[in-house]
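Please read the structure below before turning to the comments.
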Amino acid sequence: MKRAGKVVLCLLAVALAAYLLLIDYPALMATLNGAGEAGGSAEVLNAESSSGTVPEEDDEKADDADASATGAESLETQAAAMEEELEALYQQCEATSVALCLDQISALVYTDVYPALSDAGDTGTVVFTNSWLTGDNGRIQTSEFNRMVSAGWSYAVGGDSTLELTGTQEEIVVAWQARLETYLERIRVRSGVRPTIYCFREGEYLPDYDEILESLGFTAIQYYPEDAAEDDGEGALLKTVGIPISEETQADEVLDELRAYPGAVLVTQVTNETQVEYFLDLIEELKESDTVTITSFDAAAEAASDKEQQALRAKILEKEAVLEALEAQIDE
């Protein structure tokens, strides 16, 4: 009986195991299939890793490289076209007329600068400043001054760097006019001339002075770029911009300024031999550029008033800025 019971229990155990196996078979198969897929994916990834990069990344990098090459080519094309436009505009530019103003009527202007410029066929403008007169110690003698004027040199009067006007603007204008009228009379008595050109010091100019100068018979003035910004553009005076020259000034710097201000005036003072030598060397270098012509003050002022040339040079400066920006992008 016990033996028969054991047999029955064994049969029940086998039946239960078979039943459980049938119930979990789908889950078991799913598990086995999942393991197989995971293994396949691993093999693919291993294959891709062994080849170096993922195919999609390769395509993206190739596209970026093509776009970069196309962009660089486009910038270079634009730059080349801009260079052609500028070359055509350069051909339309007239040589820049430049006047030479020598401040403080130093004796060296007659002994050193005047002969050198005369040998080259050039002239300049001597400027009475700081209340100095011909014949004063260290200044041009009256007879020398007359000789220069006969040779085509012009003369101007300027401000006083030793005099600081203070007060309200109205008081400053009144004091400025009184000082100028007194100085003009002293020049007339000593040298026998009355200047009709006024050369402003940097920061001296006020639009109120235009009417005063016209009433005193002046025909032209020289001021500086920052002064020109305050000018209302009215009146009959010819106006030109001054470019200060020192022993540190380089020729290429001056040429850059002259491109923006045709008909400008180079303003300097020569109170020692070093300044004389540097000034004359600079003028020679500027003339070698073939874009500069030394002329009289009046001729330079008239050139500065040429609206067509002003517009042309403004366009050139604008396009040069664009070209510079393009070249910077290409270099990146």
Relative contact order for region 178-255 using alpha-carbon pairs under 8 Å, separation at least 6, rounded to a whole percent?
25 percent
Would you mind checking which residues have amide H under 5 Å from Arg139's amide H? H placed 1.01 Å from N; only 5 or more apart, or other chain.
Ala107
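Where the eigenvalues come from the Cα gyration tensor of region 216-326, what are the semi-axes √(5λ) of the equivalent ellipsoid, largest first, in whole Å?
On the way: eigenvalues 110, 92, 31 Å².
The answer is 23, 21, 13 Å, longest axis first.
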Along its principal axes, what span do the Cα atoms of region 198-275 show, with the longest given first and each in whole Å?
40, 28, 19
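In region 166-267, what GluC sites (Glu not before Pro) fall in a loop by DSSP, with at most 13 other Cβ atoms inside 10 Å?
Within region 166-267, the qualifying GluC sites (Glu not before Pro) (loop, at most 13 other Cβ atoms within 10 Å) are Glu230, Glu234, Glu247, Glu248.
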Whole-percent tail of the Cα-Cα distance distribution for region 90-165, cut at 14 Å, equals 63 percent
Theoretical gain in end-to-end length, Glu202 to Arg147 [0.36 nm per residue, Cα-Cα removed]
16.8 nm
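Above 14 Å lies some portion of the pair distances; for region 271-322, what is it as a whole percent of all C-alpha pairs?
Values: 929 of 1326 pairs.
More than 14 Å apart: 70 percent of the Cα pairs in region 271-322.
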How do Val157, Val189 rank by accessible surface area computed with a 1.4 Å probe, from largest to smallest?
Val189, Val157
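Report the full-extension gain for the segment Val174 to Ser161: residue separation times 0.36 nm, less the Cα-Cα distance, to one decimal in nm.
Numbers: separation 13, 0.36 × 13 = 4.68 nm, distance 1.77 nm.
Computed gain between Val174 and Ser161 is 2.9 nm.
What does the charge count near Thr134 come to, summing +1 for each Lys or Arg and -1 for each Asp or Glu among other residues with Cβ under 10 Å from its Cβ?
Details: positive: Arg139, Arg190; negative: Asp136, Glu144.
In short, 0.
In Å², what does the accessible area per residue of region 152-212 work out to with a 1.4 Å probe?
Numbers: 3090 Å² over 61 residues.
Roughly 51 Å² per residue, with all protein chains present.
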Can you list residues from other chains, or at least 5 along the same chain, whose modelled amide H is less than 5 Å from the amide H of Phe128?
Ala156, Val157, Gly158
Hey, what do the phi angles of region 191-200 turn into as Karplus ³J(HN,Hα) couplings, whole Hz, using 6.51/-1.76/1.60 and θ = phi - 60°, x for Gly and Pro?
10, x, 10, 10, x, 10, 10, 10, 10, 6
Cα-Cα pairs in region 121-163 separated by more than 12 Å, as a whole percent of all pairs, come to 63 percent
Specify whether the C-alpha gyration tensor of region 77-217 places it in the rounded, prolate or oblate class, a ≥ b ≥ c being the square roots of the eigenvalues: rounded for a/c under 1.5, otherwise prolate if a/b is larger than b/c and oblate if not.
oblate
Whose amide H sits under 5 Å from the amide H of Thr295, counting only residues 5 or more places off or on another chain, with H placed in the peptide plane?
Val98, Ala99, Leu100
Region 252-264 - phi-based ³J(HN,Hα) in whole Hz, Karplus 6.51/-1.76/1.60, Gly and Pro as x
5, 5, 5, 4, 4, 5, 5, 5, 8, 10, x, x, 7
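The values are calculated or read from the model by the stated rules, or taken from the named source; none is laboratory data. Only a predicted model underlies this, so the values are computations on that prediction, with no experimental measurement involved. Here Cβ is always computed from backbone atoms with ideal geometry, including for glycine, and neighbour counts include all displayed protein chains. Surface areas here come from the heavy atoms of the whole protein model, side chains and all, with no ligands, DNA or RNA. Shrake-Rupley method; radii C 1.70, N 1.55, O 1.52, S 1.80 Å.
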